[in-house]
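To start, the structure itself, in structure tokens.
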Amino acid sequence: MNRNDAPQTPTKTSPATFHVKSFGCQMNVYDGERMAEMLGTQGMTAAADGTDADLVILNTCHIREKAVDKVYSDIGRLTREDGTRPMIAVAGCVAQAEGSEIQRRARNVDIVVGPQAYHRLPDLIDKVGRGEEAVDTDMPLASKFGALPARTKQARPTAFLTIMEGCDKFCTYCVVPYTRGAEISRSWSAILDEARALVDGGVREITLLGQNVNAWTGEDDKGRAQGMDGLARELAKISDLKRIRYTTSHPNDMSDGLIAAHGDEPKLMPFLHLPVQSGNNRILKAMNRSHSAESYLRIIKRVREARPDIALSGDFIVGFPGETDAEFEDTLKIVEQVRYAQCYSFKYSPRPGTPAADMDHQIPAEVMDDRLARLQALINRHQVEFNSATVGRTTDILLERKGRYPGQLIGKSPWLQSVVVTAPELSIGDMVEVDIISAGPNSLAGELSRRKAA
């Protein structure tokens, strides 16, 4: 978009319809849902896409290097063939990082709102109508969650629930402490109230969210100090809630209680996403990761002792500044030792304002490409092996969506694998017992067992 172009006027200053487009992590998905619910209480109606919506909210992510460029590209595409455009709001972490610079570069943007201020979106819409500046990137001490409406009935049987936000770890490659702020835990009662509302609305599986979700702390209704293990155990008492998951965790916050809960709370699913980022201790120190490869492996060993069938997931960054070939080989070694069921892996991407962006010995792109390809080949092999080992098991799956063919439904196994089953007599939201009959790299095929769970 040409920043010198004169801004077009939105089609309506009092929007009747809206569309939220969320990018990136699960917390952005949650935030997008909450914005939609809030606008619904204002009398606005969700549009199927942004083509005809009066208001389009781009709920952005700032993790990857090209995130900012993508935002401006999407803004440019919102102008219609007749020259009109919707009211445009940029929300999320790019909004927090860029602030009013967004409106300087893209004059068609009406609203800029950070992830800690989106509860004030109705007021910002009113400001646009009055011709006032509508930029809010404050990080207020008061929780935004208290200003959001009660949860509405969900269209699917699974839901995200943010229990804490922010990060105090300050990894040298990461922008989260600057865009999401310090770690803040939601209250015990607020989380339980939201969980019960979700379950009353038909949700059967809840995934607890936080930048470092296992750092959650609080007090229960009797004033006793609790960690996430206590919270998970209390959530498990909600009778119609069948499954509990959580993401993303930090190794330093993997408490004895949480490890034990994986062994003795059946509603806590046997899946753990625990990023290590690198297998080399020098690189981990340069990343400001406060664990070593050895301490990480000790945690994995204890988790597997508590829950032998647990599926493990992780995050890896290749090509961190100064990473040598031998240090990269250490990452391959830790992957070989852990044998993850699935993983996320990325080339290092410098984020402005982070310490790593100014480090010497940035790694050439072609070296990072080669390392990522080698890492992903190993991860993919282990994923196929994990899925293949599931063949022959009988397990419950929660049906979440329709498949490609008539009568086909797709659900998740306890180990977060997609399982395809042909069962035209069943419905989304049913939990059924299936026999796993075949496995591919990304999904499993199942057949209904004789016994069905309600």
Practice problem: Could you list, in sequence order, all residues of region 338-352 that are open to solvent by less than 40 Å² (accessible area, probe 1.4 Å), at pLDDT below 95 and not hydroxyl-bearing (S, T, Y)? | Solution: R351
Self-check item: Residue among A311, A306 that alone is of a type in the set (G, A, S) and open to solvent by 10 Å² or more (accessible area, probe 1.4 Å)
Solution: A306
Quiz prompt | Long-range neighbours under 6 Å by Cβ, at least six apart or interchain, first residue among the aromatic types (F, W, Y) within region 338-365, second part of a loop (DSSP other than H, G, I, E, B) and open to solvent by less than 10 Å² (accessible area, probe 1.4 Å) | solution = Y348/G319; Y348/F320
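Restricting to helices (runs of 4 or more DSSP H) lying wholly in region 70-184: which have 1 or more residues that are closer than 19 Å to A36 by Cβ and in contact (Cβ under 8 Å) with a residue 12 or more places away in the chain? Spell out the reasoning first.
Details: elements: 93-98, 101-105, 121-129, 176-179.
Qualifying helices (runs of 4 or more DSSP H): 93-98, 121-129.
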Quiz prompt | Filter result (under 16 Å from A91 (Cβ atoms) and either open to solvent by less than 60 Å² (accessible area, probe 1.4 Å) or acidic (D, E) (or both)) within region 43-53 | solution = M44, G50, A53
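Per-residue answers, yes or no, for (1) of a type in the set (G, A, S); (2) open to solvent by 60 Å² or more (accessible area, probe 1.4 Å):
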| residue | (1), (2) |
| --- | --- |
| L58 | no, no |
| R77 | no, yes |
| A97 | yes, no |
| G114 | yes, no |
| G131 | yes, yes |
| T158 | no, no |
Practice problem: Return the total of residues in region 200-253 being in contact with a strand residue (DSSP E or B) (Cβ under 8 Å, 6 or more places away or on another chain), open to solvent by less than 40 Å² (accessible area, probe 1.4 Å) and either closer than 30 Å to V432 by Cβ or part of a helix (DSSP H, G or I) (or both). | Solution: 22
Quiz item: For region 168-178, what are the residues that are within 20 Å of G99 (Cα to Cα) and either of a type in the set (A, V, I, L, M, F, W, C) or crowded, with 20+ Cβ neighbours inside 10 Å (or both)?
Solution: C174, V175, V176
Quiz prompt | Boolean, R450 is surrounded by fewer than 15 Cβ atoms within 10 Å (Cβ to Cβ), modelled with pLDDT under 95, not in a strand (DSSP E or B) and not hydrophobic (A, V, I, L, M, F, W, C) | solution = yes
Quiz item: What are the residue pairs meeting all of these: first residue in region 245-261, first residue more than 14 Å from F271 (Cβ to Cβ) and without any contact (Cβ under 8 Å) to a residue 12 or more places away in the chain, second residue open to solvent by less than 10 Å² (accessible area, probe 1.4 Å) and aliphatic (A, V, I, L, M), Cβ atoms under 7 Å, and 6 or more apart or on different chains?
Solution: none
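Give me a count of the residues in region 314-332 that are surrounded by fewer than 21 Cβ atoms within 10 Å (Cβ to Cβ) and either of a type outside the set (A, V, I, L, M, F, W, C) or in contact with a helix residue (DSSP H, G or I) (Cβ under 8 Å, 6 or more places away or on another chain) (or both).
Narrowing region 314-332 to residues surrounded by fewer than 21 Cβ atoms within 10 Å (Cβ to Cβ): 315, 321-322, 324-327, 329-330, 332.
Among the residues that remain, those that are also either of a type outside the set (A, V, I, L, M, F, W, C) or in contact with a helix residue (DSSP H, G or I) (Cβ under 8 Å, 6 or more places away or on another chain) (or both) are: 315, 321-322, 324-325, 327, 329-330, 332.
Residues that pass the stated criteria total 9.
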Quiz item: Counting only residues that are in contact with a Ser or Thr (Cβ under 8 Å, 6 or more places away or on another chain) and buried (at least 23 other Cβ atoms within 10 Å of the Cβ), how many does region 186-199 have?
Solution: 0
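From the list I317, I363, I334, I379, pick out the single residue that is in a strand (DSSP E or B) and β-branched (V, I, T).
Values: I363 fails: in a strand (DSSP E or B); I334 fails: in a strand (DSSP E or B); I379 fails: in a strand (DSSP E or B).
From the options I317, I363, I334, I379, the qualifying one is I317.
Each row is one residue, and each column tells you yes or no for (1) closer than 19 Å to A53 by Cα; (2) among the aromatic types (F, W, Y); (3) at pLDDT below 90; (4) out of contact with any helix residue (DSSP H, G or I) (no Cβ under 9 Å at 6 or more places or on another chain).
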| residue | (1), (2), (3), (4) |
| --- | --- |
| R3 | no, no, yes, no |
| A6 | no, no, yes, yes |
| A16 | yes, no, no, yes |
| M27 | no, no, yes, yes |
Practice problem: For region 364-380, state whether one or more residues are within 30 Å of E327 (Cα to Cα), open to solvent by 20 Å² or more (accessible area, probe 1.4 Å) and in contact with a Ser or Thr (Cβ under 7 Å, 6 or more places away or on another chain). | Solution: yes
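Suppose we filter G32, G40 for residues that are outside any strand (DSSP E or B), within 21 Å of A197 (Cβ to Cβ), open to solvent by 30 Å² or more (accessible area, probe 1.4 Å) and not β-branched (V, I, T); which single one remains? Before you say what the answer is, go through the steps one by one.
Working: G32 fails: open to solvent by 30 Å² or more (accessible area, probe 1.4 Å).
One residue alone meets the criteria, G40.
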Exercise. Quickly run through region 384-437 and pick out the residues that are small (G, A, S) and not in a loop (DSSP other than H, G, I, E, B).
Key: S388, A389, G411, S418
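Being in a strand (DSSP E or B) and more than 18 Å from the chain's Cα centre (by Cα) is the filter here; which residues of region 269-293 pass it? Show your work before the answer.
Filtering region 269-293 down to residues in a strand (DSSP E or B) leaves 271-273, 277.
Passing the criteria: none in range.
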Self-check item: Pairs with Cβ under 7 Å, 6+ apart, first in region 366-387 and under 30 Å from D435 (Cβ atoms) and among the β-branched types (V, I, T), second part of a helix (DSSP H, G or I) and at pLDDT 95 or above
Solution: I379/V335
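The values are calculated or read from the model by the stated rules, or taken from the named source; none is laboratory data. Keep in mind the model is a prediction, meaning the values are calculated, not measured. For neighbour counting, all protein chains shown are included, and Cβ atoms are generated from backbone atoms with ideal geometry for every residue, glycine included. Heads up: the accessible areas ignore ligands, DNA and RNA and are worked out on the full protein's heavy atoms, side chains in. Shrake-Rupley method; radii C 1.70, N 1.55, O 1.52, S 1.80 Å.
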